[in-house]
Amino acid sequence: MATLLSVNVGMPKDVSWQGRTVHTGAWKSPVHGPRMVRRLNIDGDGQGDLAGHGGEIRAVLVYQLQSYQYWQKQLGRDDLTFGIFGENFTVDGMPDDDVCIGDRYRIGEAEFEVTQPRVTCYRVGMRLGEPAMASLLVAHHRPGFYLRVLAGGRVQAGDEITLTRKGPEELSVADTDALLYLPDRDPAKLRKALNIPALSPGWQQSFRELAAAQQPKQEPGWPGELTSTQQPREAPGWPGFKTMRVARIVPETPTVSSIYLGTTDNTPLLEARPGQYLSIRLAIGDAAPAVRSYSLSSAPTASTYRISVKHEPHGKVSSYIHATLHPGDLVDIASPRGTFVLEEGTRPIVLISAGIGATPVLAMLHQLAATRDPRPRRPTRSWRNSPTPTSTSTTPPRPPHISTSPTSPRGVRPPIHSRPWAFPPTPTPTSADRPPSWTTSANTCAITACAPSGSIRNSSAPCPPSIPA
């Protein structure tokens, strides 16, 4: 039978971290004797970020002795005292791969219901002095979980923990956590999650969105598809998400900012191909973390990736990035993905973009400029609401043999579609110092296009998805 080993509480306080002050309740310590558990809290306990922690659905956080022992070996540490993971209850037993969402337990005089896995954020890394800890908890399937208080009462260390009812779908905490955060989701488990009334509303909404997305199992251009079969299959990256640091943020225009991302330990980044995208996971408010994908907007260096994000007035994630994200913050990033990439070879290139389709094309231009690629190319850009686009720091210098020919058809909004084409224009040079004009002839030119749906006809392969596959 499981046992409550320690009751841990702590009030929020200001902590200096990476040159700024963070208000957090992650510092919790064991208490002796009985403590009253109420609907929203344990007496003497509090949370610093009420938008992301606490409340009726997340009144009590649980972590296990077995996970303490696991991290002692993994991290090579002997100073992991109860409460250091920010938990209220340290327990012997109740592993994440056995406890299920909707399970009910009696501890002391109180009764509880399991509502969701822990939403890991950078504060657990602050508390342990391990910046990557939030991602490690997910990757190693040891997040811990939250309890809702069904009936209040006194609890204390040494109380036995009794299972009073199993959850309706018997979906474990570890499986629920992996279902949201890790790739290769099991559709059957996703359906189970949507049938658990006890699951917190934020997680329910995230799973509804995942189910509605109906994401394809293959990236466009992978073997077996009917279109774009000449695209290369992407190289494998790291599994799930890893913690990266915001190196700097550069406002490009009043509505677009570029975010530079680096590793937390200054190790070199995995090489990405121009046109690929990053998925970013952010804990915003009281819902489950939001995941969005943004194309790389420059050729990556050994030390940073760059994404450029437009602020949408009603966009939850873009608003958070523009208003709340700061240099030094830690964010969870999935490995670069996507097969909508710059074609290798010697043929002349036409790059076509419209709207937010500009970002992968920018990365391709940066790569061409950085490597002094000798192929003639013509970037063609259409835009909305402005007859003349403004140059920003995202735009690479234009060598003499690059021609830009912006167009301005009536703009349309996402969803985005993109597809690299190889059809038959051929360049006809007009002079040594002028870019070529383009006519349709033998199969000698590679055209790559990325634009909102409707701007480009006969496209079928999707640009980076809004939620990673």
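For (1) part of a loop (DSSP other than H, G, I, E, B); (2) under 23 Å from ASP329 (Cα atoms), each residue gets a yes or a no:
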position: HIS23; (1), (2): no, yes
position: ALA26; (1), (2): yes, yes
position: ASP45; (1), (2): yes, no
position: GLY54; (1), (2): yes, yes
position: ILE57; (1), (2): yes, no
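Quick grid of which residues meet (1) at pLDDT below 85; (2) of a type outside the set (D, E, K, R); (3) open to solvent by 20 Å² or more (accessible area, probe 1.4 Å); (4) within 20 Å of LEU365 (Cα to Cα):
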{"position": "PRO300", "(1), (2), (3), (4)": "yes, yes, yes, yes"}
{"position": "ARG306", "(1), (2), (3), (4)": "no, no, no, yes"}
{"position": "VAL309", "(1), (2), (3), (4)": "no, yes, no, yes"}
{"position": "GLU312", "(1), (2), (3), (4)": "no, no, yes, no"}
{"position": "HIS322", "(1), (2), (3), (4)": "no, yes, yes, no"}
{"position": "LEU325", "(1), (2), (3), (4)": "no, yes, no, no"}
{"position": "ARG337", "(1), (2), (3), (4)": "yes, no, yes, yes"}
{"position": "GLU343", "(1), (2), (3), (4)": "yes, no, yes, yes"}
{"position": "VAL350", "(1), (2), (3), (4)": "yes, yes, no, yes"}
*Quick one: in the range 23-37, which of the residues that are hydrophobic (A, V, I, L, M, F, W, C), touching a strand residue (DSSP E or B) at 6+ places or on another chain (Cβ under 7 Å) and buried (at least 17 other Cβ atoms within 10 Å of the Cβ) is nearest to HIS326 (Cα to Cα)?*
TRP27
*Checking TYR63 against (1) surrounded by fewer than 21 Cβ atoms within 10 Å (Cβ to Cβ); (2) aromatic (Phe, Trp, Tyr); (3) under 21 Å from VAL149 (Cβ atoms), which single condition isn't satisfied?*
(1)
_Residue identified as assigned to a loop (DSSP other than H, G, I, E, B), closer than 21 Å to ASP159 by Cα and either without any contact (Cβ under 8 Å) to a residue 60 or more places away in the chain or of a type outside the set (Phe, Trp, Tyr) (or both) among LEU80, LEU4, LEU40, LEU61_ = LEU40
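This table checks each residue for (1) hydrophobic (A, V, I, L, M, F, W, C); (2) under 24 Å from the mean Cα position of the chain (by Cα).
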position: GLY48; (1), (2): no, yes
position: GLN72; (1), (2): no, no
position: ASP78; (1), (2): no, no
position: ILE84; (1), (2): yes, no
position: PHE89; (1), (2): yes, no
position: ASP96; (1), (2): no, yes
position: CYS100; (1), (2): yes, no
*Among the strands (runs of 3 or more DSSP E) confined wholly to the range 217-284, which include 1 or more residues that are at pLDDT below 85, under 23 Å from ALA178 (Cβ atoms) and open to solvent by 60 Å² or more (accessible area, probe 1.4 Å)?*
241-251
*Within the range 39-55, is there a residue that is more than 25 Å from HIS141 (Cβ to Cβ) and touching a His at 6+ places or on another chain (Cβ under 7 Å)?*
yes
*Would you be able to say whether some residue in the range 91-107 is basic (Lys, Arg) and over 30 Å from PRO183 (Cβ atoms)?*
yes
*Of the residues that make up the range 98-118, is at least one under 30 Å from ARG20 (Cα atoms) and open to solvent by 10 Å² or more (accessible area, probe 1.4 Å)?*
yes
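The values are calculated or read from the model by the stated rules, or taken from the named source; none is laboratory data. Being a predicted model, the structure only gives us computed values, none of them experimental. Positions of Cβ are generated from backbone atoms using ideal geometry, with glycine treated the same way; all protein chains shown enter the neighbour counts. Each accessible area value is taken on the protein alone, full model and side chains, heavy atoms only, with ligands, DNA and RNA left out. Shrake-Rupley method; radii C 1.70, N 1.55, O 1.52, S 1.80 Å.
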